[in-house]
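Note sheet for the following structure.
The values are calculated or read from the model by the stated rules, or taken from the named source; none is laboratory data. Just so it is clear, the model here is predicted, and its values are computed rather than measured. Cβ placement follows ideal geometry from the backbone for every residue including glycine, while neighbour counts extend to all protein chains displayed.
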Amino acid sequence: MIGRSSSPLTVQIPPASSDKPSWVKVGVIAVVGFAIGVAWPRLAGIRPGPSAPGEAAAAAASASSRAPDAPAASAPASVASSASSAGAAPTAPAVGEVAAVPLNNAPPAILVTHGAVVSCKTADGETLKGREACGAVTAFDGLATPRLKRLAHCPGAQGLSGKLSTVFSLDFTRNKINFAFGKTSTVGNRDSLDQCLRMSLENVSLNAVPHDNPGYAVFYSVTFTPRDSAAVVATAVTPEPDAPAQTAQVAWEVAIVRDTPRSGTVVARLQRGTKVKVGAGQDGWYRVQYGSDFTSEGWVYRGAIGK
């Protein structure tokens, strides 16, 4: 038989104040939890969100400064991909830096002779030969020479070498200019040069060219020479102006001007006292510019200009 306790049964009821939580403890727990939540990603090296572009660049710069011997390929992939997607332009050469250019990509040097009148047609329809019978149209050089020199920059002109014989047909009655390349031309890619010259002559007027007859045929010889140097000075910064060209006078009674030194075709004869601008020399010959506006070029022997 189970015994019974003789002490009376008592029930303890807690006071109402003991049911309220301790707000001090709750505040402490909240502060500690917030501090842990903010501090632990930084302590672990983890970013809870993506970095701003400036931060990524700063991080990359900091990493490179800490490891100067590391190769460029070890940069973070995210930084490399962002630079690639930005499509950054290549760095321009510094001032005075020499940028290599393949010879076959450099425009050739061009020498254009003074225009020679081949024939003309009078108002009566008669055909005359030569400058003495036809008269001169020297002002046409100002239209033809610069356009022939621009052939150096036509598509496909890079690396060209040889001569281009060009005959211009001037029709003053209809104010039209036509041209044709002669059979003695030795330069290649003439189809491209033909198209390029034809475009440059569009809408060119003959009204300002003095003439005695309504029609002329004028011959020009154009010599293409590949550039000798495989490098050009970078043009990122405007170069200093060139020194003034040296001038001289013809010392002989007649100075023969050729399109190339020594054995080139005779393109002009200059009388004593004619002023010329003197350029580079080669084997005792000097490149000169002559004419009313010094637009014609050729080579003369040094003695002819007192050199």
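Taken over the range 103-119, the criterion of being in contact with a strand residue (DSSP E or B) (Cβ under 8 Å, 6 or more places away or on another chain) and surrounded by fewer than 18 Cβ atoms within 10 Å (Cβ to Cβ) is satisfied by 109, 116, 118.
When the range 151-199 is limited to residues that are in contact with a Phe, Trp or Tyr (Cβ under 7 Å, 6 or more places away or on another chain), in a loop (DSSP other than H, G, I, E, B) and of a type in the set (A, V, I, L, M), the one that is modelled with the highest pLDDT turns out to be 187. With the structure loaded, tell me whether residue 122 is crowded, with 17+ Cβ neighbours inside 10 Å and either in the same structural domain as residue 261 (by TED's automatic domain parsing) or among the hydroxyl-bearing types (Ser, Thr, Tyr) (or both) or whether it fails that test. No, not satisfied.
If we scan the range 123-145, do we find a residue that is farther than 18 Å from residue 220 by Cα, hydroxyl-bearing (Ser, Thr, Tyr) and not in a loop (DSSP other than H, G, I, E, B)? For the range 123-145, residues farther than 18 Å from residue 220 by Cα, hydroxyl-bearing (Ser, Thr, Tyr) and not in a loop (DSSP other than H, G, I, E, B): present.
Within the range 184-196, residues that are free of Cβ contacts under 8 Å to residues at least 24 places away in the same chain reach partners that are surrounded by fewer than 16 Cβ atoms within 10 Å (Cβ to Cβ) with beta carbons closer than 8 Å, at six or more positions or on different chains, in the pairs 185/162.
Residues considered: 250, 218, 222. Of these, the only one that is under 25 Å from the mean Cα position of the chain (by Cα), crowded, with 16+ Cβ neighbours inside 10 Å, among the aliphatic types (A, V, I, L, M) and modelled with pLDDT of 85 or more is 222.
Of the residues making up the range 286-300, those that are within 19 Å of residue 260 (Cβ to Cβ) and in contact with a Gly (Cβ under 9 Å, 6 or more places away or on another chain) number 10. The residue that is surrounded by the fewest Cβ atoms within 10 Å (Cβ to Cβ), counting only those in the range 159-198 that are of a type in the set (Asp, Glu) and within 21 Å of residue 141 (Cβ to Cβ), is 171. Residues in the range 105-147 that are of a type in the set (A, V, I, L, M), touching a Phe, Trp or Tyr at 6+ places or on another chain (Cβ under 7 Å) and farther than 21 Å from residue 269 by Cβ: 110 only.
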